1. Could you tell me how far the Cα centroid of segment 223-289 sits from the Cα centroid of segment 315-336, in Å?
2. Stretch residue 186-residue 464 to full length: gain in nm at 0.36 nm per residue minus the Cα-Cα span?
3. Rounded, prolate or oblate: which fits segment 229-268 when a ≥ b ≥ c are the square roots of the eigenvalues of the alpha-carbon gyration tensor, with rounded for a/c under 1.5 and prolate only if a/b beats b/c?
4. Can you give the FRET efficiency to the nearest 0.05 for residue 452 and residue 375, using r as the Cβ-Cβ distance and R₀ = 22 Å?
5. Per residue and in Å³, how big is the convex hull formed by the alpha-carbon atoms of the chain?
6. Nearest 5 is fine: what % of DSSP beta bridges in the chain come out antiparallel, could you say?
7. Can you tell me what share of the DSSP beta bridges in segment 311-467 is antiparallel? A percent to the nearest 5 is fine.
8. List the relative contact order of segment 136-283 as a percent without decimals, with contacts defined as Cα pairs under 8 Å and 6+ residues apart.
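The numbers here are math on the coordinates, done by the rules we state, and not lab data. Because the structure is a prediction, the values reported are computed rather than measured. Heads up, the Cβs are rebuilt from the backbone with ideal geometry, glycines too, and the neighbour counts pull from every protein chain shown.
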Ligand code: IFM
């Protein structure tokens, strides 16, 4: 049998984010986030849903930790809702909001799970958006206040801190393309937002280290390696363009202290930088952003296959005929994970890398026996884990893997229509039902190996995951 083995001590985890699973919208003094506001606008969320309740993790967190424990995991990557901690974004700290995370962290540690928090997973307090959001430099200063409020409370127990999740999505989908909150379609504003997200990361790194000297600090980037559809100069340039726009716009300032010149020129050519340059970058900003990192989190879902449109501009090509595609429309391309890890390791050399998200949306309803046979998710995970193991063989300092996600949850603009979870969640009674992939992942975590075996069955303890 063909087996991939992971080293002893490799971290197995799951990831969620506050806005996607917590609910508790009006509880414990929580303020309004940009996603609460965005979701209340007709037409912004595909199924008309809101994140008011989602998976009710705000109340069911202890049971959810129980599920992670049964999965045999070593870590939980969650995010901290800024509007729960600082309901107005700045100013008075809401102790009840911190109490929630305090208890969560304590219970995780009791259960033998490492708390692996992300400070910002897109839920900006609405009052800060009203003052300009990430396009305003002041928001980066407010992020430091938030960071300090959280680290003051949790820093005695949390060792690894992530500042941001996928700043490309926050800036580009939120401020440039309008698919995410706050729903703006202003490229120039998106680029300002991206810079202030990065600046806030750099400032927060310093704040965390000052307050928690033993802390390890990192950031999470989404990464899609770009491939030309055809070996033509146009398609190769389209791949270069995408890589600059999506990957290097963040990697270069973080690891090299400079924005990528070719990608800046692309933006100037499109008229996205009024004034002809990055006028919002001040002296010293790039040195702040270039602060040394203890680890880098990479999120990988698919590659980008690039070609040129009729107007000669770069466009994404549809997945090749015969390729597997998830319910997001994303090509299943497992080798892209190995390629991403190896590339980032060779070109940017982070000290350590975690795969902080990887997973697939598939909607598999329960059979008549109640069992959820999500064989496609298992195939996806198996392929990607083998790819991660190949990257380890190529010398990548990969320390852990967080599967997205523990639960089917609020998938942003898609509402509840896209299901990434190891557990289905009943929207009425909130019952969590394990899918076959939950049993399969538990085996991987227990054995540190991924083989070619058939999709896991519910064999073993039939009471497993009973809630
Ligand atoms: O659900 C999201 C998550 O919030 C960020 N990374 C991608 C996931 C799937 O789209």
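1. Measuring centre to centre over Cα atoms gives 24 Å.
2. On the way: separation 278, 0.36 × 278 = 100.08 nm, distance 4.91 nm.
Here the answer is 95.2 nm.
3. Working: a/c = 3.21, a/b = 2.04, b/c = 1.58.
It comes out prolate by the Cα gyration axes.
4. On the way: r = 14 Å, r/R0 = 0.61.
Between residue 452 and residue 375 the formula returns 0.95.
5. 147 Å³
6. Details: 10 of 44 bridges.
Expressed as a percentage, antiparallel bridges in the chain total about 25.
7. Values: 4 of 9 bridges.
Once the DSSP bridges in segment 311-467 are tallied, antiparallel ones form about 45 percent.
8. On the way: 183 pairs, mean separation 34.1, N = 148.
Once divided by the residue count of segment 136-283, the mean separation gives 23 percent.
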